[in-house]
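The values are calculated or read from the model by the stated rules, or taken from the named source; none is laboratory data. Because the structure is a prediction, the values reported are computed rather than measured. Cβ: placed from backbone, ideal geometry, glycine included. Neighbour counts: every protein chain shown. The protein model used for the area step is the full one, side chains on, heavy atoms only, and it has no ligands, DNA or RNA in it. Shrake-Rupley method; radii C 1.70, N 1.55, O 1.52, S 1.80 Å.
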Amino acid sequence: MPVESATRAVRTGLVAFAFLAYLIFIGVPGKIGGSALPVLALISALFIWLALRRESAALSGTAVDPGPGAYQKKPGWEIGPRDTSDASPFVDHLPFSVVTGFVLKGVLAGCTTGLLIAVLSGVSATAMGNGVSIQPVFDKIVPVNVAALIGVSPGQIAQAEVPLLRFVLQVLFFAGAGLLAALVAAAARSSQSQAEQLARLTTRLSGPTTVNVARYAGVALPFLLLAYIAWLGLPGVSVFGSNEGTIRLLITLIATGSGLFALRLSLPGRERTVVGVLLGLGVLAMPFILDQFQNSVMGLVFIFVMMGLGLNIVVGYAGLLDLGYVAFFAIGAYTYAFLSAPFSSPYVSSLLLLLGVAPESPLLGYWMALPVAMLTAAAGGILLGIPVLRMRGDYLAIVTLGFGEIIRLFMLNLGELTNGPRGILEISQPALFGLSPSSVTFGLLSSQGWIFLLALVSSALVAFVAIRLNDSRLGRAWFAMQEDEDVAEATGVHLVRTKLLAFAIGATFAGMAGQLYAARQINIFPENFSLFVSIDALALIIVGGIGSPAGIVLGALALKGLPEVLRGVDEYRIVTFAALLVIMMIVRPAGILPSARRRIQINDPNEMGPDSKIVSDGEAEVVQTAGVAKNAANGQEEAM
Amino acid sequence: MTALLSVQRVTKVFGGLTAVDGVDLDIEERSITSLIGPNGAGKTTLFNCLTGLHRPEVGEILFSGSSLIGLRPDEITDRGVARTYQNIRLFGRMTALENVLVGQHLRLEASHWSAVLRTARQQSEERAARELARDLLDFVGLSGREGVVSTNLPYGDQRLLEVARALGSRPRLLLLDEPAAGMNPSETDRMMDLVHRLRDEKGITVFLIEHDMKVVMSISESVAVLDYGEKIAEGTPEEVRANARVVEAYLGPEVEVQEATESASH
Ligand SMILES: Nc1ncnc2c1ncn2[C@@H]1O[C@H](COP(=O)(O)OP(=O)(O)O)[C@@H](O)[C@H]1O
Ligand SMILES: [Mg+2]
């Protein structure tokens, strides 16, 4: 690694540290107490990431492909199989150490931050037996802050004796954050050509071992984190003291997110399948190893993943801006509530009497109610869809926004039917094979773990359906409609059918999410379904990357998960969060993990390498994978 | 022989402006017909009426014996009428291949469920569709460009891609709105060759709007002339060229007629 960029890495670390020091002096860590560490780790990771991004932008001057012949006016963003003999100049000019460099620099910057914090703590800490004791050095503020940094709550300051192991772990944590940021940056860079680029790097440009190490580190990271979470959950293990719960949650969020990057870093084909299956198993194990609080947050995250995937069909695939998406969430939730709670509205019971069914409670279990909730929500989607068929852009947004509010006001004011603001209480829990969270035999899984597990499985199902649909003629019709509605129609797309399908499928997914949400909450009230739910769902797909299911999962982790970690910062929560969002959109305007098409739209040459491809082209992908293999073979021959 | 397309007294009014004024026109199957006229004469508007983008106030449009009036654009495409646009309107962020696949949209039948389950039938249909899309790209001369995002194609290639997309719906009648506009002479030749091959190899009837008189005279079997929305002449290129009203309205002074005659005789 050149001296210059090493200096830059250290400088980044110093800047991050200066910022942290500033926070300490104004007393932020003390105020936020328990969760100071994760917050600050995130901030430092962000710094490092920003610095790396700047460097990668400087580097990408070499990434412009003149393209074969005079064919291309703009940098060629070719999608689809490439002639493997056609060596891309991008690959040839890219220094072999790019990925390695990122990782090393990330670690260096992370360690600088971590070490400096250690030094700062060291100033005020004296070795005491087998631990470290926190002593006031400056004023009252500093020790409290330092203590908070290493996981001691202000209340414990008097008898603060921090085990050495824990102290070291705190420092390492920062280094880890740096490493993660580096991997994320490396993965983000490699995404411009996805794994193929890395495959070429490994085989063609010498230094294959180092690059492979970086890649395998990236792939291994989520598994390590998962193991770590599991270990932290074992009885008797206490590393972070009073912050245990929050930090485990943070690591869970990071593990899930880095899992998505790991999937991207793995080579398409068998390797990706293996990594995917293992990751899937790891994630499925999460509900069993997390505690009630962490499970409840993760459950919420994945309920919003479902929402995001559904809204993405409407907004991301079909390009119809829907601001009233909460309506279908509410319809799903209330439908299940009507069917499963003791409250019975006079309308429902008289309807039942008409049908000749004796009212009993609950009417339907979770699984029987599922298709009803989905169908009701789909009907809602069509009901909204029909009047807005001819509307576009702003008008559509306003009308749908109104629809969302109408449904909420309906729930609020039709007291007879919906119990109004008093809500519907004691909604029953999903049971399977006679097992329910309350049954004794279900001991392994907490009630929130059960919800999380269901949310995981449902999200996977929803993602599967969404991806497959997008990769079919329907997905193409949606996207064509988004590009040019009139031309799409003249080309043969039935607009009414295609739009209504988008609304209905999107609404169905929201209905499923709503039902699970009702089960999670047990009691639901109209205010659970405010405009902010729509905004959250929209924000998470924008932050994650419109049109990209993996991005949506990341968006939900960031938007619904992080705020829970930030609970401790309550008064700063929204501000911090807003700042994060703003930075996000500046750094990655197309979202964290954008879809290939969005990257074209944003038109940032840094983002799209010469051999990017749209994954939906299934056949092309096969060809390309074969190309990679062939390439790899070539590379080995050359190396010999 | 009855005409494939029969336009009868079609009139389209925009506010106070009669863009198309009682136009009658017959187009024979497997013919190449040109529509000419000064800018703003109503040529594109007539195309829009034919493809369902506009609904004419008066008149009848018969395609292969049945009326197109009141049908949605996608229904008209389904009947076998496809088109390109004067100002290129591709699906910009889609690849060339995907553009042609959208063109085939209404010829694909697999249900959406089967797409989720990836049934054997749906998969073979998709494979066939990709195959056809590649063939069509080859046919228009865009071999090897299937993976290129369409906004990144050179201008001339974008026009060719529009033709390929239109062919995706397997039309019987193809409407080309100024296909050679903005092209250099060699690109124009390529496009004209394509038009011939469309008719000769695929048996498609071509109805095109064109400004380049040399092209019009050399390619078309019959020519119709619009001026201020009215059809002022119709016939073989020679007849139209000799028509006094056309000379006055469109071709201008005698010199130009001379030029046109010369170039046609080359
Ligand atoms: N959608 C429209 N609304 C109002 N006026 C239109 C519309 N489309 C075309 N026109 C008018 O109709 C006339 C004919 O236009 P057009 O058919 O585009 O001419 P051409 O294609 O022959 O150059 C022009 O005066 C044009 O301004
Ligand atoms: Mg025109």
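Calculate the tail of P(r) for chain B: the fraction of all Cα-Cα distances greater than 24 Å, expressed in %. Counting pairs separated by more than 24 Å, the tail of P(r) holds 50 percent. Amide H contacts of B:S64 (H built 1.01 Å from N, in plane; Pro and chain starts excluded): B:L5, B:S6 sit under 5 Å, all sequence-distant by 5 or more or on other chains.
P(r) tail for the stretch A:445-503: Cα pairs beyond 15 Å make up 58% of the total. Considering the stretch A:290-547 at the alpha-carbon level, its Rg and Dmax are found to be 18.6, 61 Å. Spin-label model, A:R270/A:L389: points 7 Å from Cα along the beta carbon direction are separated by 5.2 nm. Most tightly packed first, judged by the mean number of other beta-carbon atoms within 10 Å of their residues, the peptides A:500-507, A:396-403 read A:500-507, A:396-403. Between B:F14 and B:N87, the simple spin-label model (points 7 angstrom out along Cα→Cβ) gives 1.1 nm. Per residue of peptide A:523-534, the mean number of Cβ atoms on other chains within 10 Å of the residue Cβ is 0. The relative contact order of chain B comes to 25 percent, based on Cα pairs under 8 Å that sit 6 or more residues apart. Each residue of the stretch A:545-555 was assigned a 3J(HN,Hα) from its phi angle through the Karplus expression (A = 6.51, B = -1.76, C = 1.60, θ = phi - 60°), giving x, 4, x, 10, x, 4, x, 5, 4, 4, x Hz with x at Gly and Pro.
Under the rule a/c < 1.5 gives rounded, and otherwise a/b versus b/c splits prolate from oblate, where does the stretch B:103-238 land using the Cα gyration tensor? It is prolate, given that a/c is not under 1.5 and a/b is the larger ratio.
Once the Cα atoms are used to define both axes, helix B:185-202 deviates from the longest principal axis of chain B by about 70 degrees.
Residues whose amide H comes within less than 5 Å of that of B:I232, counting only those at least five positions distant or on another chain, are B:V225, B:L226, B:D227 (H built at 1.01 Å from N in the peptide plane).
Shielding by partners for B:71-80, please: the mean number of other protein chain Cβ atoms within 10 Å of each residue's Cβ. Don't skip to the end; give the middle numbers.
Values: counts 0, 5, 10, 11, 3, 3, 5, 2, 0, 0.
Per residue, the number of nearby Cβ atoms from other chains is 4 on average.
Computed packing ranks the peptides B:112-124, A:516-528 as A:516-528, B:112-124, most packed first, by mean other Cβ atoms within 10 Å.
Express the relative contact order of the stretch B:90-170 as a whole percentage, based on alpha carbon pairs under 8 Å and six or more residues apart in sequence.
Working: 97 pairs, mean separation 41.8, N = 81.
Rounded, it is 52 percent for the stretch B:90-170.
Converting phi to 3J(HN,Hα) with the Karplus coefficients 6.51, -1.76 and 1.60 and the offset θ = phi - 60°, the stretch B:115-124 yields 6, 5, 8, 6, 5, 4, 5, 4, 5, 6 Hz in sequence order, with x at every glycine or proline. Working note: Karplus 6.51/-1.76/1.60 with θ = phi - 60° gives the stretch B:44-56 the couplings 4, 4, 4, 4, 4, 5, 5, 9, x, 6, 10, 10, x Hz, where Gly and Pro are set to x.
What's the buried accessible area, both sides, between B and A using a 1.4 Å probe, rounded to 100 Å²? Don't skip to the end; give the middle numbers.
Working: alone 12750 and 27170 Å², together 35820 Å².
Buried surface at the B/A interface: approximately 4100 Å².
Peptide B:102-113 has a mean shielding of 5, counted as Cβ atoms of other protein chains within 10 Å of each residue's Cβ.
Each peptide among A:278-289, B:60-71, B:37-48 gets the average number of other Cβ atoms lying within 10 Å of its residues, and from highest to lowest they stand as B:37-48, A:278-289, B:60-71.
Under 8 Å for C-alpha pairs, at least 6 residues apart: give me the relative contact order for the stretch B:23-95, rounded to a whole percent. Can you show the working numbers first?
On the way: 37 pairs, mean separation 15.3, N = 73.
Result for the stretch B:23-95 is 21 percent.
A P(r) calculated from all alpha carbon pairs of the stretch B:90-170, with 5 Å bins opening at zero, reads 3, 17, 27, 22, 14, 10, 5, 1 percent.
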